[in-house]
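Input: a single structure, listed below in structure tokens.
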Amino acid sequence: MCCFVPDGDSIHRSGAVLRTALVGRPLRRFDAPRLFGPPPTIGRLIEKVTSHGKHLEVAWDDGIILHTHMRISGSWQLYRVGEKWRKSTEHMRVAIEVPGWVAVCFDAPIVETYREYDQLRHPGFGRLAPDLCRATDDELFECVRRVYEYDDPTCPISEVLLDQHVARGVGNVYRSEILWACELSPLTPVGELSFGDCRQVINAAARMLRANQERAYRVTAAEIPGGLAVYGRNGTRCARCGDTVLVKRIGQFERLLYFCPGCQPRHQQRGLQNDLVGEPEMDSHPAAAIFNADLPWRRDSVTG
Ligand SMILES: [Zn+2]
């Protein structure tokens, strides 16, 4: 099968076709000879494919986003692995291979990647926040202050954690895990947090990021089989309270957020977060399912 994407009008259809083939599957190969930006990591799952105008973006679960712009000449085409391409490899600008499929972008003039949190610009803070993996104690304190004094107090804490002007390093998996560890509802407006809450969030984030710097698989809750408390665990029992873990699409980029309504309700009691409870979204995201299936302990449990 080959899917042509010859012009801008087709880009939405192209996005839908690529989404079906790529989302939820792990990256096997990534070629982009003229790439500007960090490449995605082999093995990471594709979480999202979006198109708008002549732009097409692919997002991985480690927070890397690929942006391509077609202008007049560019196109995305989808092939079965091993199938002959309709254009010469000289015209290839990106090739994304997942099990069964290769998505190829030809002749796009703009091919770049960036980290998800770079997309969020916070005009209230002039300079970038410290990197949580390397921050000194003083710099961690500075991150706490930036959370506490965030100039949009209605912004949910789950979004604030992705703002690189608050603290750098937190991606989509970590924010779910951090908020579970802190027993905070992900939709808690940041303005409702005490200074102590903010300190707890930043300390948990720094601890998790540092503990995982050398690991192939993220472990944020070592006492829980699989090492993750809520990410990818929707529909299963919370290890802390036994309630059912939920998943929601939340925020500007509609990234998946996992949480436990039983033990992360602390700021919901004021009636602000009712939409989190009572409207469970139980459908399992394929990316999360495969992410879990790829965890070594799951493989071990299958093979005995
Ligand atoms: Zn719980």
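Nothing in this text is a laboratory measurement; each read-out follows from the coordinates by a stated rule. Quick caveat, the model's predicted, so the values are computed rather than measured. Neighbour counts run over all protein chains shown; Cβ positions are idealised from the backbone, glycine included.
Here are a few things to note about the model shown:
- If the segment from residue 86 to residue 55 were pulled out straight at 0.36 nm per residue, it would be longer than the present Cα-Cα gap by 9.0 nm.
- Within-13-Å neighbourhood charge of residue 136 [Cβ basis; K, R +1; D, E -1]: -3
- Listed residue (35, 21, 82) projecting farthest to the positive dipole end of the stretch 8-116, Cβ model: 82
- With the simple spin-label model, which puts each label point 7 Å out from Cα in the Cβ direction, the residue 34 to residue 222 separation comes to 4.8 nm.
- Charge dipole (debye, nearest 20) of the stretch 8-116; +1 at Cβ of Lys and Arg, -1 at Cβ of Asp and Glu: 280
- Of the peptides 101-109, 180-188, the order by per-residue mean of other Cβ atoms within 10 Å, starting with the highest, comes out as 180-188, 101-109.
- Here the residues 58, 190, ranked from fewest to most Cβ neighbours within 10 Å of their Cβ, fall in the order 190, 58.
- Alpha-carbon centroid distance for the pair the stretch 185-229 / the stretch 19-42, whole angstrom: 27
- Spin-label model, residue 139 to residue 42: label points 7 Å out along the Cα-to-beta-carbon direction sit 3.1 nm apart.
- Loop-located trypsin sites (Lys or Arg not before Pro) across the stretch 193-240 with a Cβ neighbour count of 12 or fewer within 10 Å are 215, with loop assigned by DSSP.
- Scoring 258-265, 65-72, 27-34 by mean Cβ neighbours within 10 Å over their residues and listing the highest first yields 258-265, 65-72, 27-34.
- Overall form of the stretch 8-116 per C-alpha gyration tensor (a/c, 1.5; a/b vs b/c): rounded
- With neighbour counts taken as other beta-carbon atoms within 10 Å, the residues 87, 54, 248 rank, fewest first, as 87, 54, 248.
- Rounded if a/c under 1.5, otherwise prolate or oblate - the stretch 62-111, Cα gyration tensor axes: oblate
- Three-way shape call for the stretch 16-77 based on the alpha-carbon gyration tensor, with the a/c threshold at 1.5: oblate
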